[in-house]
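Inspection log for the structure reproduced underneath, given as structure tokens.
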Amino acid sequence: MTHRPDLIDPGRLAAEAPPAHHTFGPDVLAGIRERAELGRYPIRGWGARRAVPDFDDLLLLTASASRYPLEGYRERCDTRTVFGARRAARPVVLDIPITIAGMSFGSLSANAKEALGRAASMVGTSTTTGDGGMTPEERSASRTLVYQCLPSRYGFNPTDLRAADAVEIVLGQGAKPGGGGMLLGQKVGARVAGMRTLPEGVDQRSASRHPDWTGPDDLKIKIEEIREVTDWQIPVYVKVGATRVDHDVRLAVAAGADVVVVDGMQGGTGATQDAFIEHTGIPTLAAVRLAGDALADLGLTTDVGLIVSGGIRTGADVAKALALGADAVSLGVAPLVALGCNAPTYRRRPVPPPDSAPTGASDSAYVEVDVSAEYAALGTAPGHCVHCHTGRCPVGVTTQDDTLAARLDPVLGATRVANYLRALAMETTMLARACGKSDVHRLEPEDLVALTVEAAAMARVPLAGTDWIPGR
Amino acid sequence: MGELSGTTAVVDEARDEIVLDLAAMSTREANAALRSLPDGARARLDNPAGRHNLAVGLTRAVHVRIAGPAGYYVGGLGAAAEVDVDGPAGWGVGENLMSGTVRVRGAASQSAAASAHGGLVVVEGDASLRAGISLKGGQLAVAGDVGRSCAFLAQAGTILVGGDAGEALGDSLYEAVIYVAGRIRGLGTDARVEDLTEADVAAAGALAAAAGFDHVDPQNVTRVASVRSLYHFDTAHHGAY
Amino acid sequence: MCGIAGLHLKDHTYRERLGAMVAGMLRGVARRGPDSAGVAIHDDVPDVPDVPDVPGVPGVPGVPGVPGQAVPGVPAAPGAGLTVFREVGDPEEFAARIGLAGRAGVRALAHTRMATESAVTAAHCHPFVAGEERLCLVHNGSFANHATIRRRLAGLGIITETDNDSEVAAHWLAARRAAGDDLTTALRRLTTTFDGFFTLAVTTADSFAVVRDPIACKPAIIAETDHWVAVVSEYQALLGLPGLADAVVFEPEPEEVYLWAS
């Protein structure tokens, strides 16, 4: 075949930068090579990395002349959130509407789980177990602990169930709705394997359906069983990955849920197929409005709780989610970042010389150790790392390696996560007060406008400066 | 029976049994009454009429006889107790059992002994699909046949099938072991027949004895266990993922 | 998701008691489907147009599922009658309202619905009735590819009345019957055409059939005596049936078609 310079001019192509969005861009080429290398789908941690409409596309209409704000620091703005009071003898009472999502011991280190439990207790909120059961450290560190009942039933037992403050029956999660959990062999160490009754080192792929029921008609019976076993003491949550949200919320309610947890597509994971993370589910922004409207349509807004999760980062996100119908939000990735995830350094308390007297140094005294080189060894860098699945987390958050796990000090970590949660709660009340609300739960969709047509359509609020809601 | 005040409990003195009439009691009242019994107590539930969630979450060494058919999850999430069902049982009999025994004097529906960590589930009739699914160390003994996908994803523990096994037996097995006295219609992905050792004969014999199966000859059972080829990702098995 | 019950009389011993037997079965599956309920009753006594005695419900022969209304019976075929009632609301109150316990017949389907993806209206209630022969179908479960099959049917000029997934199966079966399949063949073909979870019970003027999907994630129990055969979602729905103690009771195998013809 003859060369056709009129069709291909290599010199010209090399001189031009590729367009930002390109069918076969550099990421796509890398993905094809990765699949060619592995012979299977790529697996990774974290959540969606693509841009989707999110809470940044909404703005709050705070008060001025037609409405009046409440004074910050002086006039009360309630954040107390109660779940399950309709049926449970011991409802869950949270001081702030911000909770910590289910993440397994296995995916996370024991220190990370303990730090999250301590932090949640410090700010009066709940934390959640994960696929693999409840550790004693986590139970004792957590004032309010939600115990997950997952399809795998790894580590699920009636003793821990009765020791929990709520049970969350997991049908799916936002990062992989319709898929099961995953934990690669390098993280299935002796303790994790023992808790899950698995051989050490297997690539664990959890079931995606529960073993003893399928469908809301049978879930109704399952929920009654769990209420019987817990003597109707604790609330029952049902968690779904955000897909067919309107149907799923209605069915969770029909089955008897006290709280519906809806996890949007930006929700994180310790390990799953990249195709799941990027290509399934709907954005949290769209999910929260659908879920809130479903409960409102059923007339159950006050009786059934709604928790949403998936990409919540700031108090502004919290305020907007509450305005769209959530009673609380749940956070996974963000508290891990507060613990040090993706930071170039980890922090440890100084080890005093053996012969020195105790200094009484506060928790805030620490030494920073740079681990950038270890990120590089994983083929990544601080700020871009999604290598949770490898178990080689340089900052000790998502690892089962003793040396790495020891880098995360649960006390120091808890302080940072608690600081972060407090800051979020303060941002939320600040914005709620500015909207004239004496309770963060009184934020409403009418307090919002959208910056983009997409967000306006998903959240069903007007495009800013107009009274136009797409589709209305 | 101060603890049972407010219920319709009576005592059958001849049998030394506390009798709870479910025709006049809610499931919640009956289960609360059972949970209040001390170790060693005996109770009988009359008129169960296929009701769900009977005798779930027990924690003491009580003996509970359910005098008729039971619905879903009978004896589920239990420990230490002995639960007898005089009739068939619905889905998930003895699900997530920790210890003790659940015995069905009839057929069991789907997912018998699902995720059971310990204890023994005995089915004196046939068991339907996915018996022993996700088994985590418990024991399941079925006198008759088991349906499709018995021991699906079973992680640990022992299953004895006194009759025939349906298709996809032992699909995606981990370390659980299955003994089948009758025929096997088909094996699931990653399951295989293995040679019977002395230890297997002893294990199958002990389980048959515990279940009270005298029709099973432990020398003449087929051992099914995991090939372990799905323990790690392998391109050759992409169809199984 | 739902509760289903079906009853087929092999002889006329219980013809006068059929409604009472079905009422008990419906009660046994009521908790599985609190949204709505329906029954279809076949009788083999000719020319008995059975207009339901439901207050305020006009008879609209041949128009199943007028929202909020029961559907009166229409003759299904010479020598056979079919009466269908479908209503939103509590199944037990429904049974009382239509006087189910007093009705005679030779074959019946009953359904209680927990709506999954389509609306709760009378038109969305089971049993669905389709085709020339007035084939009736009840479904416990959900289909995963009904939209595509609905479009294919539409291409053949077969238009479903609602967006309900189960209705598609009824019309698809009727289309297969019209194309010449016997009921067993049509149901066997259904198991390889429809994705999702299903226990289906189907009746025609002379047949009663049960089939489940290959994974069989929804419950099903069949009981059979010399006089009748019944299918239910839960065992407790069988308990009032005469002669149950002597019945052969089993769970239908996945993908197997079970059929009884009169």
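Which residue is farthest from B:Leu37 (Cα to Cα), if the candidates are limited to the stretch B:73-86 and must be in contact with a Lys or Arg (Cβ under 8 Å, 6 or more places away or on another chain) and buried (at least 24 other Cβ atoms within 10 Å of the Cβ)?
Only one residue tops the list, namely B:Tyr73.
Please enumerate the residues belonging to the stretch A:129-140 that are open to solvent by 10 Å² or more (accessible area, probe 1.4 Å) and either touching a strand residue (DSSP E or B) at 6+ places or on another chain (Cβ under 8 Å) or within 20 Å of A:Ile223 (Cα to Cα) (or both).
If the condition is that a residue be open to solvent by 10 Å² or more (accessible area, probe 1.4 Å) and either touching a strand residue (DSSP E or B) at 6+ places or on another chain (Cβ under 8 Å) or within 20 Å of A:Ile223 (Cα to Cα) (or both), then A:Asp131, A:Met134, A:Arg139 are the ones that fit.
Condition first: more than 10 Å from every other protein chain (Cβ to nearest Cβ) and either open to solvent by 10 Å² or more (accessible area, probe 1.4 Å) or not small (Gly, Ala, Ser) (or both). Now tell me which residues in the stretch B:127-144 satisfy that.
Once the filter is applied, which keeps residues that are more than 10 Å from every other protein chain (Cβ to nearest Cβ) and either open to solvent by 10 Å² or more (accessible area, probe 1.4 Å) or not small (Gly, Ala, Ser) (or both), the stretch B:127-144 yields B:Gln139, B:Leu140, B:Val142, B:Ala143, B:Gly144.
Among the residues of the stretch A:184-240, what is the count of those that are of a type outside the set (A, V, I, L, M, F, W, C), more than 23 Å from B:Leu54 (Cβ to Cβ) and within 7 Å of another protein chain (Cβ to nearest Cβ)?
Residues that pass the stated criteria total 4.
Go through the stretch C:137-193 and give me each residue that's of a type in the set (Ser, Thr, Tyr), assigned to a helix (DSSP H, G or I) and either at positive phi or surrounded by fewer than 23 Cβ atoms within 10 Å (Cβ to Cβ) (or both).
C:Thr148, C:Thr184, C:Thr185, C:Thr191, C:Thr192, C:Thr193
So is B:Asn31 at the interface with another protein chain (Cβ under 7 Å from one of its Cβ atoms) and either at pLDDT 95 or above or open to solvent by 30 Å² or more (accessible area, probe 1.4 Å) (or both) or not? Talk me through it step by step, then tell me what you get.
Values: at the interface with another protein chain (Cβ under 7 Å from one of its Cβ atoms): yes; either at pLDDT 95 or above or open to solvent by 30 Å² or more (accessible area, probe 1.4 Å) (or both): yes.
Yes: the conditions hold for B:Asn31.
Mind listing whichever residues of the stretch B:87-102 are part of a strand (DSSP E or B) and surrounded by fewer than 24 Cβ atoms within 10 Å (Cβ to Cβ)?
Answer for the stretch B:87-102, where residues must be part of a strand (DSSP E or B) and surrounded by fewer than 24 Cβ atoms within 10 Å (Cβ to Cβ): just B:Thr101.
Which is within 12 Å of chain A (Cβ to nearest Cβ), within 24 Å of B:Ser115 (Cβ to Cβ) and in contact (Cβ under 8 Å) with a residue 40 or more places away in the chain, of B:Ala208, B:Ala176?
Numbers: B:Ala208 fails: within 12 Å of chain A (Cβ to nearest Cβ).
On inspection, the qualifying residue turns out to be B:Ala176.
With the requirement that a residue be open to solvent by 10 Å² or more (accessible area, probe 1.4 Å) and out of contact with any strand residue (DSSP E or B) (no Cβ under 7 Å at 6 or more places or on another chain), what does the stretch A:388-407 give you?
Across the stretch A:388-407, the qualifying residues are A:Cys388, A:Thr390, A:Arg392, A:Cys393, A:Gln400, A:Asp401, A:Asp402, A:Thr403, A:Ala405, A:Ala406.
Being assigned to a loop (DSSP other than H, G, I, E, B), open to solvent by less than 10 Å² (accessible area, probe 1.4 Å) and within 14 Å of chain B (Cβ to nearest Cβ) is the filter here; which residues of the stretch C:204-233 pass it?
Result: C:Asp213, C:Ala216, C:Cys217, C:Lys218, C:Pro219, C:Ala220, C:Ser233.
If you take the residues of the stretch A:81-128 that are closer than 29 Å to A:Arg347 by Cα and basic (Lys, Arg), which of them is surrounded by the most Cβ atoms within 10 Å (Cβ to Cβ)?
Ranking the qualifying residues of the stretch A:81-128, first place goes to A:Lys113.
State whether the residues of the stretch A:63-79 include one that is buried (at least 19 other Cβ atoms within 10 Å of the Cβ), assigned to a strand (DSSP E or B) and not aromatic (Phe, Trp, Tyr).
Checking the stretch A:63-79: not a single residue is buried (at least 19 other Cβ atoms within 10 Å of the Cβ), assigned to a strand (DSSP E or B) and not aromatic (Phe, Trp, Tyr).
Given the options A:Arg416, A:Arg442, A:Arg472, name the one that is farther than 30 Å from A:Arg392 by Cα and in contact (Cβ under 8 Å) with a residue 12 or more places away in the chain.
A:Arg472
Just the residues that are more than 13 Å from every other protein chain (Cβ to nearest Cβ) and either open to solvent by less than 10 Å² (accessible area, probe 1.4 Å) or in contact with a Ser or Thr (Cβ under 9 Å, 6 or more places away or on another chain) (or both), please, taken from the stretch B:145-161. Give the steps one after another, and end with the answer.
Within the stretch B:145-161, the first condition is being more than 13 Å from every other protein chain (Cβ to nearest Cβ), and the residues that meet it are B:158-161.
Hits for the stretch B:145-161 are B:Ile159, B:Leu160, B:Val161.
The values are calculated or read from the model by the stated rules, or taken from the named source; none is laboratory data. If you're wondering where the values come from, they're calculated on a predicted model, not measured in any experiment. Every residue, glycine as well, gets a Cβ built from its backbone with ideal geometry; the counts of neighbours run over all protein chains shown. Surface areas here come from the heavy atoms of the whole protein model, side chains and all, with no ligands, DNA or RNA. Shrake-Rupley method; radii C 1.70, N 1.55, O 1.52, S 1.80 Å.
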